[in-house]
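The values are calculated or read from the model by the stated rules, or taken from the named source; none is laboratory data. Keep in mind it's a predicted model, so treat the numbers as computed, not measured. Reconstructed Cβ throughout: ideal geometry from the backbone, glycine too, with neighbour counts over all protein chains shown. These area figures cover heavy atoms from the full protein model, side chains too; ligands, DNA and RNA do not enter into them. Shrake-Rupley method; radii C 1.70, N 1.55, O 1.52, S 1.80 Å.
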Amino acid sequence: MRKTAIKEAKDLCQKHKSAFLSTLSSNQKGFPFSSIAQYIFLDDNHFYFFISDIAQHTKNLIKHSELSFMILDDGDVADVENARVTILGHAHKLSRDESRAQIDQFIATHEKAQQYAMLGDFNLWRVVVTRVRYVGGFGRAFWLEKGEWY
């Protein structure tokens, strides 16, 4: 059953392109800050966000690498049985040189990102997953550990 949950969680992550991103606020101490951000999920089982240095969530990540984000399936947001994945992890900024291939993949997935790529303040952040919460419907909730994810 866990192997099925892992596969379903990864399939959901591949299917979608944006997430509800939560970071630890850098200016409202002790509070989470939520936003929506686009991502790519690659075969290395890491997530990548291509985000601006001036965005609030980036400023938060610079001070606190911890984050969580939720990917919701296509069902009704109000439906508590709608499948969803919550990722907990740490985000690490990559240099443009070391992330050129992933940026190209990001642009291939998110065409408008081509405009952002021309700006010098957009960088790729790789998320190292610590733990995953997968809810596949009523009675189908699993904590998936880092060793199971990678």
Practice problem: Just give me the residues in the range 56-71 being surrounded by 18 or more Cβ atoms within 10 Å (Cβ to Cβ) and either in contact with a Lys or Arg (Cβ under 6 Å, 6 or more places away or on another chain) or farther than 22 Å from Trp143 by Cβ (or both), in sequence order. | Solution: His57, Thr58, Asn60, Leu61
Quiz prompt | Given (1) at pLDDT below 95; (2) crowded, with 16+ Cβ neighbours inside 10 Å, index of the condition Phe138 fails | solution = (2)
Quiz item: Do we have any residue at all in the range 91-113 that's in contact (Cβ under 8 Å) with a residue 60 or more places away in the chain, assigned to a loop (DSSP other than H, G, I, E, B) and either β-branched (Val, Ile, Thr) or under 15 Å from Gln38 (Cβ atoms) (or both)?
Solution: yes
Quiz item: Does the range 93-115 contain at least one residue that is buried (at least 18 other Cβ atoms within 10 Å of the Cβ), charged (D, E, K, R), in contact with a Phe, Trp or Tyr (Cβ under 6 Å, 6 or more places away or on another chain) and at negative phi?
Solution: no
Quiz item: part of a helix (DSSP H, G or I) and either at negative phi or in contact with a Cys (Cβ under 7 Å, 6 or more places away or on another chain) (or both): does that describe Gly147?
Solution: yes
Practice problem: Test each condition in (1) open to solvent by 30 Å² or more (accessible area, probe 1.4 Å); (2) over 17 Å from Tyr39 (Cβ atoms); (3) modelled with pLDDT under 95 for Gly147 and report the one that comes out false. | Solution: (3)
Quiz item: If a residue has to be under 19 Å from Trp143 (Cβ atoms), loosely packed, with under 13 Cβ neighbours inside 10 Å and touching a Leu at 6+ places or on another chain (Cβ under 8 Å) to count, how many in the range 1-55 make the cut?
Solution: 1
Practice problem: Run His57 past the list (1) more than 18 Å from Thr130 (Cα to Cα); (2) in contact (Cβ under 8 Å) with a residue 24 or more places away in the chain; (3) part of a strand (DSSP E or B) and report the number of the one that doesn't hold. | Solution: (3)
Quiz item: Can you tell me which residues in the range 72-89 are surrounded by 15 or more Cβ atoms within 10 Å (Cβ to Cβ) and more than 16 Å from Arg140 (Cα to Cα)?
Solution: Ile87, Leu88, Gly89
Practice problem: Within the range 116-124, identify whether any single residue is assigned to a loop (DSSP other than H, G, I, E, B), more than 24 Å from Asp11 (Cα to Cα) and touching a residue at least 60 places away in the same chain (Cβ under 8 Å), and answer yes or no. | Solution: yes
